[in-house]
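Here's the structure, in structure tokens; my notes come after.
The values are calculated or read from the model by the stated rules, or taken from the named source; none is laboratory data. Quantities reported herein were computed from a predicted structural model and do not represent experimental measurements. Positions of Cβ are generated from backbone atoms using ideal geometry, with glycine treated the same way; all protein chains shown enter the neighbour counts. Accessible surface is based on the protein model in full, side chains and every heavy atom, while ligands, DNA and RNA are left aside. Shrake-Rupley method; radii C 1.70, N 1.55, O 1.52, S 1.80 Å.
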Amino acid sequence: YFLDKSDKYDSRDVERLQQDDKWVENYLIWRHDVVDDTLKMIDESFQWRKEYTVNDLSESVLPKWLFEIGALFLHGYDKEGYKLFWFKVKHHTRDPKQQLDKKKLVAFWLEHYAKRDHGKPLTVVFDMAETGISHIDLDFVRFIVNCFTDYYPNFLTKIVIFEMPWIMNAAFKIVKGWLGPEAVSMLKFTNKSDVQEYISGEYLPPHMGGTDSFKYSYPPLVDDDFQTPLCENGPITSEDEHESKEEMDADTKETGELNETQNLNQKKMNSIEQISKSEETDKTEVKPKNAKKALTTFKGPLLHISPAEELYFGSKETGEKKCLIVLTNVTKNVVAFKVRTTAPEKYRVKPSNSSCEPGTSLDIIVSLHGGFAASLQDRFLIMAAEMDQSSGAGVPELTQFWKEVPRTKVMEHRLRCHVIESSKPSSLTLKDNAFNIPAKTNEDLHIQLTHLLQINKRLEEQMNRCLWFQQLSVVLSLLSVTVAAFCFYLANAQRS
């Protein structure tokens with residue numbers, strides 16, 4: 001393929017294919033490990049990527065109004081923790097002159113997410129509320145389908161279609177033909193009563209029965225829903241102010257103990273790092289207080305971050321409300337950092353906006369606020385950038401620094417939450433991570449209970465209808481018997 005069509009490929013894609021095993025693996029998985037089919041898909045997707053200049057798509061090359069209307073954007077997560085790719089159909093109108101730009105917008109968002117989250121699959125949501133025949137655009141829908149079936153391998157988990165008008169049934173029969181039998185199983189037709197089987201209410205807008213107050217606006221781009229600033233002391237209400245102050249004092253004491261221990265061991269750590277730097281591997285482990293699992297280290301260009309992927313929280317029953325993030329500055333300059341989260345009302349982060357000296361480590365304590373429980377959908381974003389030696393490290397200097405630093409110089413790393421709920425002793429949990437079973441939050445249980453109550457209500461209504469029909473049948477039967485008896489009586493009377 002390469003010898004015949006090298007001029008039809010972007011050299012950056014070819015180079016990535018030779019270096020990125022995960023990308024190759026996704027192509028193979030999507031084509032069931034059939035090499036010929038995999039090569040054909042790579043060939044077609046590479047030609048498409050060059051035609052649409054996917055590697056060079058940015059906000060500056062697309063019309064601004066495309067971003068402003070809010071027809072396409074990324075926001076929130078489904079119940080399995082996959083990112084939601086929203087298509088607000090009511091904002092889309094057919095226009096052949098704009099079709100290419102709209103298709104490039106789809107490619108922009110997919111590429112933007114693929115580069116940021118290394119190709120983790122998406123869940124597509126077609127919000128078809130308030131739509132009609134004027135919004136049907138099969139060519140555009142086919143392009144979106146082709147992106148997932150032909151161009152972005154193993155990138156789709158499911159397609160949630162909300163309140164599809166009956167007039168569009170015929171159109172979606174055609175769409176099913178494009179998807180193929182396997183992808184058809186990913187279609188989930190929903191309405192307000194059952195959409196929460198796939199997406200929890202916290203990421204659904206009110207018109208879909210949810211509680212998400214998110215309002216799309218541009219600029220800037222929707223930044224993965226991470227909120228800023230994230231207050232170190234979290235939100236304090238009058239009801240739990242006293243409790244929060246006590247927790248803050250305890251946290252301060254614990255932070256002091258941790259930093260004191262860290263300072264005592266820092267010289268030892270630095271000497272050990274110099275000796276074993278060449279032998280260092282991704283299996284580096286950090287064991288913070290109350291750790292449930294050995295934590296791996298993410299090795300970024302500015303900071304090494306432990307844990308690498310997940311923050312482990314306990315449920316309300318297990319009582320574990322704190323996690324530790326360890327940042328290690330691996331540069332020769334001061335590195336500024338700040339922490340953002342998708343759920344700022346739940347968490348306190350200390351420190352959340354500070355700096356780290358060259359060659360030193362710093363502990364960040366993440367604690368749950370008040371009566372909140374961690375959720376599998378919660379995410380944290382750590383942003384870091386190098387500062388000049390002359391720059392100060394105070395709050396005003398950091399605020400100004402983050403306003404001026406180019407985004408291209410900012411290192412970003414994301415962490416997700418993992419909730420441990422187990423009645424087994426902690427020693428068993430440490431020995432065997434198989435006991436670390438993700439817990440369902442109270443919100444998830446509430447949603448399931450609500451769903452069961454709705455089902456029970458529907459069953460009760462059906463039973464009432466059945467009883468009514470049964471009673472009606474009995475009455476009609478008695479009436480028929482009465483009429484037949486009366487007719488028989490009249491016949492006998494006439495004979496007499």
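Per-residue accessible area (protein heavy atoms, 1.4 Å probe) orders THR342, THR211, THR399 as THR211, THR399, THR342, starting from the largest. Here the spin labels are modelled as points 7 Å beyond Cα on the Cα-Cβ line, and at VAL410 and ASN333 they lie 1.6 nm apart. Ranking ASP13, ASP7 by solvent-accessible area of protein heavy atoms (1.4 Å probe, all protein chains present), from largest to smallest, gives ASP7, ASP13.
Where a ≥ b ≥ c are the square roots of the eigenvalues of the C-alpha gyration tensor, would you call the range 57-208 rounded, which needs a/c under 1.5, or, failing that, prolate if a/b is larger than b/c, or oblate? Note, shape of the range 57-208 comes out rounded.
Potential lengthening of the chain between MET186 and ASP139 amounts to 14.9 nm, from the contour at 0.36 nm per residue minus the alpha-carbon distance. With the simple model of a label 7 Å out from the Cα in the direction of the Cβ, ILE69 to ARG458 spans 3.5 nm. The simple spin-label model puts a point 7 Å past each Cα toward its Cβ; for ALA485 and GLU44 those points are separated by 7.5 nm. Quick check on my link table: of LYS64/LYS120; LYS40/LYS83; LYS22/LYS115; LYS88/LYS346; LYS120/LYS192, which ones sit more than 20 Å apart, alpha carbon to alpha carbon? Beyond 20 Å: LYS64/LYS120; LYS40/LYS83; LYS88/LYS346; LYS120/LYS192. Computed packing ranks the peptides 107-114, 93-100 as 107-114, 93-100, most packed first, by mean other Cβ atoms within 10 Å.
With respect to the cross-link table entries LYS8/LYS299; LYS90/LYS188; LYS299/LYS409, which display a Cα-Cα separation exceeding 28 Å? Intermediate results must be reported in sequence, preceding the final value.
On the way: LYS8/LYS299 35 Å; LYS90/LYS188 19 Å; LYS299/LYS409 16 Å.
Among LYS8/LYS299; LYS90/LYS188; LYS299/LYS409, the Cα-Cα distance tops 28 Å for LYS8/LYS299.
With the convex hull constructed from alpha-carbon coordinates only, the range 298-419 shows a mean projected area of 7.4 nm² over all directions.
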